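The values are calculated or read from the model by the stated rules, or taken from the named source; none is laboratory data. No experiment lies behind these values; they were computed from the predicted model shown. We place every Cβ from the backbone using ideal geometry, glycine too, and count neighbours over all the protein chains shown. Each accessible area value is taken on the protein alone, full model and side chains, heavy atoms only, with ligands, DNA and RNA left out. Shrake-Rupley method; radii C 1.70, N 1.55, O 1.52, S 1.80 Å.
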Amino acid sequence: MSSLSLSSLSLSLLWLLDEPTRSTLPKLQELGQAQERHEEERCRRSRNNNNRSTSWNETLGAAFGGSQTKRRTRRKNPLATLAMYVRFVLVFVVIGLFFSCAQAFALTHHHGNRATSTIRASTSRSPQGNSYLVGVGRPRRHRVWVATSRTGRGNGSWSTVSLAAAEAGSNANQMFPLQPGSTVALVTPFDRTTGAVQYDELRHLLQWHVQAGTQNLCILGTTGESNLLSNEERIAVLQTAVREVKGHMPILAGTGSIDPIQVKAMTQQAADLGCDAALVVTPYYVKPPQRGLIQHYLTLANMPNALPVVVYNVPGRTAVDLSDESLAILAQHENIIGVKDATGKVERLPKLLQLLREQQQSSLSSSSFLCLSGDDGTMLDYCLQGGQGCISVTANVAPRQVRQVLDQAALACSFTDTPATQQAAIAMAHTINNKLMGLHQDLFCEANPIPTKWALTQPIVRTTSDLTVATPTTTTEPILSYDYCRPPLASMDPKFIPLLEQALRQAELLL
């Protein structure tokens, strides 16, 4: 029975009652009408809610499988139901791909906080022969394998890489082995007024050495005044070198110091920034014993993600001499790949080579330990007795000529050439080197790199095309604007200028 019928029946009963009761009839009628209006409003709201729910269900149905009626039909068809769920999953896959692409795009174009985004890979042996395997990736340790050769020693290892190195160039995380031949011990240009590093001229220097055929770059060594640079300047200089020459020539970074903790930090920094090897001088002033020197270098070589190490023996500066026997012990470590021998004593080389051969025979290993001269004046004799190159100061001024001398020396020591060819190579090497002897000596008339920087401010003849060009392009523009050296060094004493000018003319570098 409806609410309206109940109200009429109530009113009829009330009419049969007495007069006082009938007097309340209008009030009861108003109450009944209000109740009817409330009931109609509730019904109207219920219909609207049902309509909205139906509209939303139809919308979802259109997207994922049709109307509600069709979905009831599909309940009886498993294939139709499966197709609906497949479409539902595909929608979420497309959404996920969109956000992944957006995140990758943001990472690719992000240039902040490079040095702090280092990816440190654990040290492990590679199963792929004599190569480095470098883990390249994001901090999630997602890696891309890049196989690169090393000087034939060992099976390679994981290396530390960083976003800083990756952004410096497409191959900044790849390890390039040091090559026999000419390695320039590069100067660092400074502004005379402010004393700041001149990065434009540094880039110019680096590009010139690529054109001149220099085979390796030694940066931040003694010639580069590395001890007078701040940590921020070291980072900027190494980043510049990686951007300019990485892939054109291996980068050997000077990381030696008296403090082993600082040596480790600088070596790790060089690795993070994309260098290929570390040149580590024997700790100076404290005169450690031979066992202490051996432990020092082995500690560096055993660092996680360590760079290949080149030992730097220069007793004239450090007051400590690493013996040949100690060096032969260090050469057994696969991560100690060579020595820069700046003793100037060529007669020591045959003994060292004999020790290395004996060690190789006893261990049945294939050694490619690099014996590099660190003394320009004796570099030719050193290489003719079995050395594999020179880390040269003269190469700052005459890179093409130093490369030619060392190429001829390597040809003279080649076992595949005839004796006549070897003798011709020796004669050619001496001819070129004799023109450079004045520079070999007079570039050290004052403390290095004072004379070298002065020579680079002169209008010397410079080759601006590589060695494959028969008639190279030359220029006589000075490569440095200032010969400024940071204190306690100073500019060259004017009394040595005639001496240097004569040496440059002898080398046919000054017209």
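Below is a table of values for the structure above.
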item: The stretch 199-214: number of residues that are within 22 Å of the chain's Cα centre (by Cα) and assigned to a loop (DSSP other than H, G, I, E, B); result: 1
item: Selected residue (criterion: farthest from residue 485 (Cα to Cα)) from residues of the stretch 219-244 that are of a type in the set (S, T, N, Q) and in a helix (DSSP H, G or I); result: 239
item: Residue list for the stretch 336-358, restricted to those being touching a Leu at 6+ places or on another chain (Cβ under 8 Å) and open to solvent by less than 10 Å² (accessible area, probe 1.4 Å); result: 336, 337, 338, 339, 352
item: Criterion violated by residue 423 - all others in (1) open to solvent by 60 Å² or more (accessible area, probe 1.4 Å); (2) in contact with a strand residue (DSSP E or B) (Cβ under 7 Å, 6 or more places away or on another chain) satisfied; result: (2)
item: The one condition in (1) open to solvent by 10 Å² or more (accessible area, probe 1.4 Å); (2) touching a Leu at 6+ places or on another chain (Cβ under 9 Å); (3) closer than 30 Å to residue 206 by Cα that residue 279 fails to fulfil; result: (1)
item: Lone qualifier among 243, 291 - being open to solvent by 20 Å² or more (accessible area, probe 1.4 Å) and over 29 Å from residue 319 (Cα atoms); result: 243
item: Test for residue 385: is it open to solvent by 10 Å² or more (accessible area, probe 1.4 Å), more than 34 Å from the chain's Cα centre (by Cα) and within 26 Å of residue 440 (Cα to Cα); result: yes
item: Flag for residue 395 being of a type outside the set (Lys, Arg), on the phi < 0 side of the Ramachandran plot and open to solvent by 10 Å² or more (accessible area, probe 1.4 Å); result: no
item: Test result for residue 266, assigned to a loop (DSSP other than H, G, I, E, B), open to solvent by 10 Å² or more (accessible area, probe 1.4 Å) and either touching a residue at least 40 places away in the same chain (Cβ under 8 Å) or not basic (Lys, Arg) (or both); result: no
item: Options 500, 489: the member that is modelled with pLDDT of 95 or more, assigned to a loop (DSSP other than H, G, I, E, B) and among the aliphatic types (A, V, I, L, M); result: 489
item: Close pairs from the stretch 187-198: first over 17 Å from residue 240 (Cα atoms) and touching a residue at least 60 places away in the same chain (Cβ under 8 Å), partner part of a loop (DSSP other than H, G, I, E, B) and open to solvent by less than 20 Å² (accessible area, probe 1.4 Å), Cβ under 9 Å, at least 6 apart; result: 192/483
item: Residue list for the stretch 186-204, filter: touching a Pro at 6+ places or on another chain (Cβ under 8 Å) and of a type in the set (S, T, N, Q); result: 198
item: Residue, farthest from residue 217 (Cα to Cα), within the stretch 337-384, restricted to residues that are modelled with pLDDT under 90 and hydroxyl-bearing (Ser, Thr, Tyr); result: 362
item: Top-ranked residue in the stretch 403-439 [being assigned to a loop (DSSP other than H, G, I, E, B) and not aromatic (Phe, Trp, Tyr); ranked as farthest from residue 182 (Cα to Cα)]; result: 418
